[in-house]
Amino acid sequence: MIRETHAVDKIPTSLSDRLRWDSPWRQALRRLRRNPSGLIGLTILAAMTIAHLGAPLFTDLDPTALDKRAILQAPSPEHPFGTDRYGRDLLSRVLYGGRISLLVASIVALVTTCTGVILGSLSGYFPRLDSTIMRIMDLVMAFPTIILAIAIVAILGPQLLNILIALVTVVTPRTSRVVRGVILATKEKEFVLAGRSVGAGDLRIIFRHLLPSAVPALLVRQTYVFGISILIEGGLNFLGVGVQPEIPTLGAVVAEGRQFLREMPWISFYAGMAIALLVLGINLLGDGLRDALDPRMKV
Amino acid sequence: MSQFAIRRLLTFIPALLAVAVVIALLMDMIPGDPVTIMLGLDAPGESINRRRIELGLDRPMHVRLLEWLTNALRGDLGQSIILEKSVSQTIAERYSVTISLALFALAVALAVGLPAGIVASVKQGTWIDWAVTTSALLWLSLPGFWIALNLIFLFSVRLGWFPVGGFVPVTENPLDFLKHLVLPAVSMGLGSAGILARFTRTSMLEVLRMDYIGTARAKGLREIVVLLRHALKNALIPIITMVGISFGDMLGGAVISELVFNMPGVGRMVLDAVKRRDYPLIQGGIFVVTATYLMVNLLVDLLYAWADPQIRFE
């Protein structure tokens, strides 16, 4: 109770007070720890990340090794998820395939944080740039997401880098809108005007005074971006317009299983399940973060 | 209202133009020479040149774009290279498949998402609310193509209730038409249903906290009247926008359903064209799908302005 009242007190100056002071971030962390959905999400995500990144710990088999004697086998102790039509072990394909999903989603989340922050702050802070930047973002959003992604990959060629370019292009507009929204709402507040009146430059105002307010909303948005990226990447690889076919991906494994669905439904099942668990984990975590960082957003 | 409609209509035309220009620019960015790719690297230089002139590729980009636009205005989107058929005709044959698919998926999303969101908001904090929010999150986390395969396995292969795939025009047999659309529409609609349910719940909870809801209740109105006539009507306004976005997802997502369920739609046509590098077909297909999406957004904005008079004067 004492801690709670302390939290609304003025920001302490002495070191010992500072250590005891309940910063907004610490409060958020405490709320997250008490948030069951956030914790379940974090657990699922952590377990999946360990399984994918630590793939060699869980299987000795090479996901690309062909085995003519083990074509299209049902799940067995030797091949817990069975094998595909080239005799490749599906457990190892799923474990290694998830690495691509995690890699793509992490890079897209990081890069679009940068592009979103840059475009969003330019647009929100400088009225003269606003309409130009936002019209371009609107133009990108005018295309149905997956169609635009297919077009970009089709033009640039099926490669990991081009998948990343496609995803960054389709994700950036909404992220930059989130940042722009917070900047627009904050830039006329007294503390910003105070900063300007003592001679702070535009960059200092943006980075020190405006962007910190955007962090909670941005963090929540980018958690969902992680999930969206996994779904779109899975879709592109499923459609065959993804990374090079020799790289195992979850979407491609699901696609391979499609023609054997009648007799061997497990081929598609586990790979799809892996995508679902990754996305579910990150979305649960996103909901938990949203509730913890901004209790007002929780209704 | 009519003034708003005219203003909104005037932004639609430049948007359509901009989309056409972007697609043309993207097509122009394709590395390498499309004719060489089409005819193969070992094709004689003479036939490559002849084909280039036939396709008009020897002229500068802006000339081709202008020609494409003037032809598009007359409904001519060029010739498909592989199919040796007009692009407009190919799309016209397939357009109804994609539109029926998207509309049905939207119907599923609305039929599941709206009631689920309303019930969850009314029963906030109960196990019903928990069940709705949890399943909504689950739906929107599952990849649509995986839902589709599981549905086929369960309802077509095992139970035999629905066909594995294909499409029957409504004019041919309305019942078969419906039967062929159920599984694809559910597989596409569930994710959006999850998003809509969450959105509806939030929107309803916000409205239910308003003073006028208390007034309505104090007047002694029945709860169902308060909920549907007073709360839902206002909560629906932000949901309209969400429905527009969902429809865009359906138009794009149709690519996946059309592939999995083997339906002859525009999405699969674009995908096939991409794999076979049939550029006029890619260009025309993407343009038509995007133009449809822009048109839906136009309708959504008009609907929004009609539902919320404040918008018209912004």
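Kirkwood's formula applied to the C-alpha pairs of the stretch B:93-307 gives a hydrodynamic radius of 18.7 angstrom.
For the stretch A:233-299, how big is Rg over Rh, using alpha carbon atoms and the Kirkwood form of Rh? Reported Rg/Rh (Cα atoms, Kirkwood Rh): 1.20.
Per residue of B:267-277, other chain Cβ atoms within 10 Å of the residue Cβ number 3 on average. Binning the alpha carbon pair distances of the stretch B:1-140 at 5 angstrom intervals from zero yields the distribution 2, 7, 10, 12, 12, 11, 10, 9, 8, 7, 6, 4, 2, 1, 0, 0, expressed in whole percent. The mean number of Cβ atoms from other chains found within 10 Å of a Cβ in peptide A:277-285 is 3, as a whole number. Binning every alpha carbon pair distance of the stretch A:95-144 at 10 Å from zero, what are the percents per bin? P(r) over the stretch A:95-144, rounded to whole percents: 23, 34, 27, 12, 3. Eigen-decomposition of the gyration tensor built on the alpha-carbon atoms of the stretch A:68-119 gives equivalent ellipsoid semi-axes of 38, 9, 6 angstrom, largest listed first. Label sites at residue A:33 and residue B:272, each approximated as a point 7 angstrom past Cα along Cα to Cβ, lie 5.9 nm apart. Here the contact order of the stretch B:93-307, divided by its residue count and restricted to Cα pairs under 8 Å and six or more residues apart, works out to 29 percent. Around the amide H of residue B:79, modelled in the peptide plane, lie the amide H atoms of B:87, all under 5 Å away and 5 or more residues distant in sequence or on another chain.
The ratio of the alpha-carbon radius of gyration of the stretch B:83-182 to the globular-protein estimate 2.2 N^0.38 Å is 1.41. Relative contact order of the stretch B:1-152, taken over Cα pairs closer than 8 Å and 6 or more residues apart, is 8 percent. Using only the Cα atoms of chain A, build the gyration tensor, take square roots of its eigenvalues as a ≥ b ≥ c, and label the shape rounded, prolate or oblate: rounded if a/c is under 1.5, else prolate if a/b is larger than b/c, else oblate. Oblate shape, in that a/c is at least 1.5 and b/c is the bigger or equal ratio. Projecting label points 7 angstrom from Cα along Cα→Cβ for residue B:295 and residue B:211 puts them 4.6 nm apart. Each residue in B:215, A:49, A:112 was given a count of other beta-carbon atoms within 10 angstrom of its own, and listing them fewest first yields B:215, A:49, A:112. Classification of the protein assembly as shown by its C-alpha gyration tensor yields a rounded form. The axis ratio a/c (a ≥ b ≥ c) stays under 1.5. Charged side chains reduced to their Cβ positions (Lys and Arg at +1, Asp and Glu at -1) give chain A a dipole of some 1020 debye around its Cα centre.
Considering only alpha-carbon pairs that sit under 8 angstrom and 6 or more positions apart, the relative contact order computed for the stretch A:162-299 is 23 percent. The loop-placed trypsin sites (Lys or Arg not before Pro) in the stretch B:4-110, going by DSSP, that have at most 16 neighbouring Cβ atoms within 10 Å of their Cβ come out as B:74, B:85.
Positive contributions from Lys and Arg (+1) and negative ones from Asp and Glu (-1), summed over other residues with Cβ under 10 Å from the Cβ of residue A:112, come out at +2.
Pairs exceeding 28 Å between alpha-carbon atoms, taken from B:123/B:219; B:123/B:233; B:179/B:233: B:179/B:233. Just how far, in whole angstrom, is the stretch A:120-142 from the stretch A:152-202 if you go by their alpha carbon centroids? Distance between centres, Cα-based: 9 Å. The aspartates and glutamates within cross-link reach of residue A:189, meaning a Cα-to-Cα straight distance under 18 Å and a gap of 8 or more places when in the same chain, are A:202.
Among B:273, B:109, B:92, the largest mean-square fluctuation in a Gaussian network model of chain B (Cα springs under 10 Å) belongs to B:92.
For the stretch A:204-299, trypsin sites (Lys or Arg not before Pro) are listed when DSSP marks them as loop and at most 12 other Cβ atoms sit within 10 Å of their Cβ; the list is A:262.
Helices assigned as whole DSSP H runs in chain A whose Cα atoms extend at least 18 Å along their own long axis and whose mean Kyte-Doolittle hydropathy is 1.0 or higher are found at A:36-53, A:90-125, A:160-186, A:211-239, A:266-293. Taken along the Cα-to-beta-carbon direction at a fixed 7 Å, the label points for residue B:223 and residue B:128 span 0.8 nm.
Among the trypsin sites (Lys or Arg not before Pro) in the stretch A:81-136, those placed in a DSSP loop whose Cβ has at most 15 other Cβ atoms within 10 Å are A:85.
Hydrophobic long helices, here whole DSSP H runs in chain B with Kyte-Doolittle means of at least 1.0 and Cα atoms spread over 20 Å or more along the helix axis, are found at B:2-28, B:87-122, B:233-260, B:279-307.
Packing, taken as the mean count of other beta carbons within 10 Å per residue, orders the peptides B:120-128, B:133-141 from highest to lowest as B:133-141, B:120-128.
No lab work stands behind these numbers, since they all come straight from the coordinates. Just so it is clear, the structure is predicted and the values come from calculations on it, not from any experiment. Don't worry about glycine lacking a Cβ; one is built from the backbone with ideal geometry, like all the others, and counts go over all protein chains shown.
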